[in-house]
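Trainee: I'd like to ask you about the structure that follows.
The values are calculated or read from the model by the stated rules, or taken from the named source; none is laboratory data. Because the structure is predicted, anything quoted here is derived from the model rather than measured. All Cβ positions, even for glycine, are placed from backbone atoms using ideal geometry, and neighbour counts span all protein chains on display. All accessible areas refer to the heavy atoms of the entire protein, side chains included, with ligands and DNA or RNA removed. Shrake-Rupley method; radii C 1.70, N 1.55, O 1.52, S 1.80 Å.
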Amino acid sequence: MLDFVQQLVSGVALGCVYGLIALGFVLVYKATEVVNFAQGDLMMLGGFFAFTFIGMMGLNYWIGFAGAVAAMALFGMLAERVVVRPILGYPQFSIIMATIGLGYFLRSVAGMVWGTDDFKIDTPFSQGVLRIGSLVLAYDKLSVIAATIILCTLLYLFFNKTTLGTAMRASSENMLAAYYMGIPVKRVVSVVWAISAAVATCAGVLLAPITFIHSNVGLVLGLKAFPAAVLGGFGSIPGAVVGGVLIGVIESMAGFYLAEGWKDVAPYIVLLAVLLLKPEGLFGLHVRKKV
């Protein structure tokens with residue numbers, strides 16, 4: 001039973017990282033109907049920025065964390081302005097290929113600047129453990145779960161209680177109608193990309209105590225986070241986080257209880273099963289088309 005609980009906590013912590021990356025997919029898709037396949041690489045770049053500020057420059061963890069989030073928010077706005085905005089209105093395939101190309105570019109730049117070694121960020125939660133009887137839970141995993149809950153709460157309040165958040169929701173529902181109502185749609189889309197990059201950076205920093213940061217980590221985790229977004233219902237913000245947690249728990253349990261090799265396969269088997277029964281995802285809205 002203790003092993004089950006420990007694997008559950010580990011799976012939830014890893015799933016929270018998947019969920020935050022998937023959240024970036026969903027935010028960009030809801031605002032622009034663009035699938036940003038560079039989302040995982042934005043997480044990787046944010047992790048490297050945090051490593052630079054904290055590990056190389058010696059800044060306080062929280063100051064370095066905030067600096068990395070701010071830097072990546074600006075980079076997200078720049079990426080939207082330079083890469084995506086010029087080709088909006090073109091076929092979706094062109095935009096998808098542009099984001100894939102952006103991901104390759106970011107991985108190449110990260111390899112040239114930081115090299116191909118693995119890096120780890122020391123956090124205030126790296127060493128301690130919580131003991132509940134015979135149960136031992138690492139603070140680093142509990143901190144990931146707590147930070148994800150706090151971040152999701154802040155995003156919920158932002159989207160539902162602020163004027164800018166309301167404008168973002170209006171733009172995601174109908175961009176043309178929002179434009180006619182006087183909402184600065186282009187500015188809203190830039191802010192969405194900034195938030196998406198900032199959330200990805202949070203995922204990268206939170207991931208650092210659990211695993212290493214390297215130039216290809218974004219590609220690997222992005223391939224796990226995209227199914228999480230689909231599982232939760234592409235376009236559903238709560239679904240992205242829930243889908244990420246489910247993928248993380250399934251992966252953790254399969255790696256512990258099943259034979260070697262099932263860890264990477266099991267989440268996709270569950271994803272296929274869910275989509276066969278509920279194609280719109282767990283939280284997606286079902287749209288019945290008339291024939």
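This table checks each residue for (1) in a helix (DSSP H, G or I); (2) β-branched (Val, Ile, Thr); (3) surrounded by 19 or more Cβ atoms within 10 Å (Cβ to Cβ); (4) in contact with a Phe, Trp or Tyr (Cβ under 9 Å, 6 or more places away or on another chain).
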{"residue": "ASP41", "(1), (2), (3), (4)": "yes, no, yes, yes"}
{"residue": "MET44", "(1), (2), (3), (4)": "yes, no, yes, no"}
{"residue": "ALA50", "(1), (2), (3), (4)": "yes, no, yes, yes"}
{"residue": "ILE63", "(1), (2), (3), (4)": "yes, yes, no, yes"}
{"residue": "LEU74", "(1), (2), (3), (4)": "yes, no, no, no"}
{"residue": "PHE93", "(1), (2), (3), (4)": "yes, no, no, no"}
{"residue": "ILE96", "(1), (2), (3), (4)": "yes, yes, no, yes"}
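Trainee: Any idea which of ALA146, ALA170 is open to solvent by 30 Å² or more (accessible area, probe 1.4 Å), more than 30 Å from VAL113 (Cα to Cα) and either free of Cβ contacts under 8 Å to residues at least 12 places away in the same chain or of a type in the set (Asp, Glu) (or both)?
Mentor: Within the list ALA146, ALA170, the selection yields ALA146.
Trainee: I'd like the full set of residues that are among the aromatic types (Phe, Trp, Tyr) and in contact with a helix residue (DSSP H, G or I) (Cβ under 6 Å, 6 or more places away or on another chain), limited to the stretch 162-218.
Mentor: If the condition is that a residue be among the aromatic types (Phe, Trp, Tyr) and in contact with a helix residue (DSSP H, G or I) (Cβ under 6 Å, 6 or more places away or on another chain), then TYR179, TRP193 are the ones that fit.
Trainee: What are the pairs, 6+ residues apart or on separate chains, where a residue within the stretch 5-29 that is surrounded by 24 or more Cβ atoms within 10 Å (Cβ to Cβ) has its Cβ under 6 Å from a residue that is among the basic types (Lys, Arg)?
Mentor: Listed by first residue and then by second, the contacts come to ALA13/LYS141; TYR18/LYS224.
Trainee: Still on this structure, please answer the following. Suppose we filter GLU80, GLU33 for residues that are surrounded by fewer than 17 Cβ atoms within 10 Å (Cβ to Cβ) and under 25 Å from PRO227 (Cβ atoms); which single one remains?
Mentor: That would be GLU33, the only listed residue that is surrounded by fewer than 17 Cβ atoms within 10 Å (Cβ to Cβ) and under 25 Å from PRO227 (Cβ atoms).
Trainee: Sort out which residues of the stretch 101-123 are part of a loop (DSSP other than H, G, I, E, B) and open to solvent by less than 40 Å² (accessible area, probe 1.4 Å), and write them in order of number.
Mentor: Matches in the stretch 101-123: GLY115, ILE121, THR123.
Trainee: Here's something else I'd like to know. Of the residues that make up the stretch 124-138, is at least one surrounded by 14 or more Cβ atoms within 10 Å (Cβ to Cβ), at pLDDT below 85, among the polar types (S, T, N, Q) and in a loop (DSSP other than H, G, I, E, B)?
Mentor: Within the stretch 124-138 (the criterion being surrounded by 14 or more Cβ atoms within 10 Å (Cβ to Cβ), at pLDDT below 85, among the polar types (S, T, N, Q) and in a loop (DSSP other than H, G, I, E, B)), the answer is yes, since at least one residue qualifies.
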